[in-house]
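Peer 1: Sharing a structure with you now.
The values are calculated or read from the model by the stated rules, or taken from the named source; none is laboratory data. Fair warning: this is a prediction, and the values are worked out from it, not measured in the lab. Don't worry about glycine lacking a Cβ; one is built from the backbone with ideal geometry, like all the others, and counts go over all protein chains shown.
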């Protein structure tokens, strides 16, 4: 069964719709291929800064209060997120209010005023957000790991930016960023839920005159130096670690195998890493496995908080479990469990309007296509034990592993020996 209808306006704005007749609500997303990887050293953090500014007021809705009051009056919710390759704005509302919800989003994207006083105020808000990121090991360790994998390049920089570039931003620079990247070919409008008719006409009315233009970004490249371990010293009884390796782009033929490897290692409380580190040895409170895939690069890593006094044992245990996937075939019952886990989590995500569109936009913006959900389920179901061992050998080969760790440590060499 076809879930998505894909269309486009003359100016190349793409439209994805997914009717869900049982739903009484709709989710409406505007997704721009305008994330932090499109920044330069001078504009680091601008994609995220622009996201903030779009909530500060337009000509018709001249303040954050005016915007939020109208959204609340509809019984709706709205928010946004900035990532390395995209910035997404969304509103969720009852089906009867779709037109107004869409109008609000487009008004924000096209007519935000970027008042200088609001620019200065948001600098303070973002500064506090930076404090939260840098003081939260669970969040910050992923940024350190990205820098290990990609080095001093846009994919290795934090999405939130650098303090000095955010502090130096002004209205003209932020508006210039929008003009360059918030263009018609880089926009996907995605709507799912209880649709009453085809919203194409309303989207055309609001966006058919959005200017064109396009722009590229620096191709991804792995960190060229020999660094395999990054240590951030922090006095604490708990250490936060991220250990993994570069992996595959979003459209790689082995992306479904990667999904099964994630499920085997960190999918639930019966997964290999959780069972060994948490249930059996008490080294960690929790451990998960994360995949991050971009248009031309990717990475996979295990992340968790571990007892700082037993950090060496925790690192050695994770390394051993990664290498075990390269050496031993996965037993049939464990593979079946991982397949069911991965397929189940995907079904859970895509059975709601918001989850379905989060999946669709992540694929459409990066790959320029939106595979039907059944294609994903079939791809996961086709993974074999031989596939898992073949891909694990490619990913976790000697010298491939990287470790980022935050805790009471000052010597990377102690951990480098463990990776070897």
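Peer 1: Pick out the one residue from 283, 335, 339, 322 that is at pLDDT 95 or above and either touching a strand residue (DSSP E or B) at 6+ places or on another chain (Cβ under 9 Å) or not assigned by TED's automatic domain parsing to the domain that holds residue 409 (or both).
Peer 2: Answer to the check: 322.
Peer 1: Please count how many residues of segment 343-383 are touching a helix residue (DSSP H, G or I) at 6+ places or on another chain (Cβ under 8 Å), surrounded by 14 or more Cβ atoms within 10 Å (Cβ to Cβ) and part of a loop (DSSP other than H, G, I, E, B).
Peer 2: Selection size over segment 343-383: 3.
Peer 1: Here is a follow-up. Run down 6, 61 and say which single residue is in contact (Cβ under 8 Å) with a residue 60 or more places away in the chain and either more than 17 Å from residue 114 (Cβ to Cβ) or assigned to a loop (DSSP other than H, G, I, E, B) (or both).
Peer 2: Within the list 6, 61, the selection yields 6.
Peer 1: In segment 128-198, which helices (runs of 4 or more DSSP H) lie fully inside it and hold 2 or more residues that are in contact with a strand residue (DSSP E or B) (Cβ under 7 Å, 6 or more places away or on another chain)?
Peer 2: Values: elements: 137-150, 163-168, 171-181.
So the answer is 137-150.
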